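Down below is the structure, laid out as C-alpha cells.
The values are calculated or read from the model by the stated rules, or taken from the named source; none is laboratory data. Just so it is clear, the structure is predicted and the values come from calculations on it, not from any experiment. Cβ atoms come from the backbone with ideal geometry, glycine included; neighbour counts cover every protein chain shown. The accessibility values were calculated without ligands, DNA or RNA, using every heavy atom of the protein model including side chains. Shrake-Rupley method; radii C 1.70, N 1.55, O 1.52, S 1.80 Å.
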Amino acid sequence: MGDPARKAALFDQLARVGKALGSGKRLELLDLLAQGERTVEALAQTCGLGTTTASAHLQTLKRAGLVATRRDGVRIHYRLAGSDVAEIYVRLRELAAAHLPDVTAARDAYLGPADVEAVTREELLRRVDAGAVTVVDVRPAEEYATGHIPAALSIPLAELPDRLAELPADLEVVAYCRGAYCVFSHEAVRLLAAHGRRARRLAEGMLEWRLADLPVETATG
C-alpha cells in the first residue's frame, strides 16, 4: 500500500514548484529571464519592483530549482535553470488561457484591440529566405544582444519613431518582441502602419522561437 507519510512528503516536494509559480510577479520574472541572464537590479527595474522585493522573489524561484545564479563581483546574475523552465511557463500560460476566461480578457486589455495582423514562424522563415521582408527586433538592445532572429535589426520600440528611415520602404516589416504576451510588437506595428508602412508582427516571440529550436544569433555572432 505504501507509506502515507512518505507519499505526502513526495507530493509536498512537487508542490514546491507550484508554490514558487503562484505569483504574478515571479511569472513576470521568469518571462524576462527567458530572454537571457539579468542582474537583480535590472530585473527589479523592468518589473517595477524594489531590489529587496525582487531579490526575495528570485530566491523563492531559486529554492524551487527554477533559476540559477552566478556572481560577478558584488552583482548577482540570474538565469533560468534550463529550457524546461521556459517550457513549463509557456504550458502554464496556455493552460490558464484555455480554462480561465479572465486570462483572455486581461490579455486583450493589455495587448489592445485585435487590429494587428500576425505572421507565423514558418511564413516568416520563408519570406526571410526570399528576401521579401525586413525583420525588426523591438525589445531592449540588451535582450537583442543575448539572442535574436538571424538578420533581424535591433530597433527598440522607444527608438522606432526616430529610426523609420532605416527600414526599406519597399519591404514589409515584421516586428517581434519577447513572446506571445509582449505588447512591444503590437505597438510597433500600429506605429509603422500610422506612418504608411506595411507591417505585421510575429505571432509569438523570442521565447517561443527558442523553444521551437529555430536559429538564434547573438551580438557576437
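Across the range 9-20, not a single residue is classified as touching a helix residue (DSSP H, G or I) at 6+ places or on another chain (Cβ under 7 Å), open to solvent by less than 30 Å² (accessible area, probe 1.4 Å), under 27 Å from A203 (Cα atoms) and not β-branched (V, I, T).
Within the range 1-53, being under 19 Å from R71 (Cα atoms), within 15 Å of the chain's Cα centre (by Cα) and of a type in the set (D, E) holds for one residue alone: E37. Is it true that some residue in the range 182-201 is closer than 17 Å to R121 by Cα and aromatic (F, W, Y)? No - not one qualifying residue is present in the range 182-201. Say whether the condition of being within 20 Å of L111 (Cα to Cα) and free of Cβ contacts under 8 Å to residues at least 40 places away in the same chain is met by at least one residue in the range 211-219. Scanning the range 211-219 turns up no residue that is within 20 Å of L111 (Cα to Cα) and free of Cβ contacts under 8 Å to residues at least 40 places away in the same chain. Filtering the range 38-47 to residues that are open to solvent by less than 70 Å² (accessible area, probe 1.4 Å) and either without any contact (Cβ under 8 Å) to a residue 40 or more places away in the chain or not basic (K, R) (or both) leaves T39, V40, A42, L43, A44, T46, C47. Within the set D213, D108, D170, the sole residue that is within 23 Å of I88 (Cα to Cα), part of a loop (DSSP other than H, G, I, E, B), open to solvent by 30 Å² or more (accessible area, probe 1.4 Å) and out of contact with any Lys or Arg (no Cβ under 8 Å at 6 or more places or on another chain) turns out to be D213.
The test for being over 24 Å from R91 (Cβ atoms), outside any strand (DSSP E or B) and in contact with a strand residue (DSSP E or B) (Cβ under 6 Å, 6 or more places away or on another chain) holds for V116. Taking the condition exposed (fewer than 13 other Cβ atoms within 10 Å of the Cβ), within 25 Å of A145 (Cβ to Cβ) and among the basic types (K, R), does R71 pass? Criteria met by R71. One residue alone among G131, G179 is crowded, with 17+ Cβ neighbours inside 10 Å and in a loop (DSSP other than H, G, I, E, B), and that residue is G179. Considering V103, V136, V85, V67, the condition of being touching a Phe, Trp or Tyr at 6+ places or on another chain (Cβ under 8 Å), free of Cβ contacts under 8 Å to residues at least 60 places away in the same chain and within 30 Å of A15 (Cα to Cα) is satisfied by V67 alone. Among the residues of the range 74-104, those identified as open to solvent by 60 Å² or more (accessible area, probe 1.4 Å) and over 30 Å from E37 (Cβ atoms) are A98, H99, L100, P101, D102.
Would you pick out the residues in the range 152-167 that are of a type in the set (A, V, I, L, M) and open to solvent by 80 Å² or more (accessible area, probe 1.4 Å)? A158, A165 - these are the residues of the range 152-167 that are of a type in the set (A, V, I, L, M) and open to solvent by 80 Å² or more (accessible area, probe 1.4 Å). Only one of (1) out of contact with any Gly (no Cβ under 9 Å at 6 or more places or on another chain); (2) surrounded by 12 or more Cβ atoms within 10 Å (Cβ to Cβ); (3) assigned to a loop (DSSP other than H, G, I, E, B) fails for R139. Which number is that? It fails just one condition, (1).
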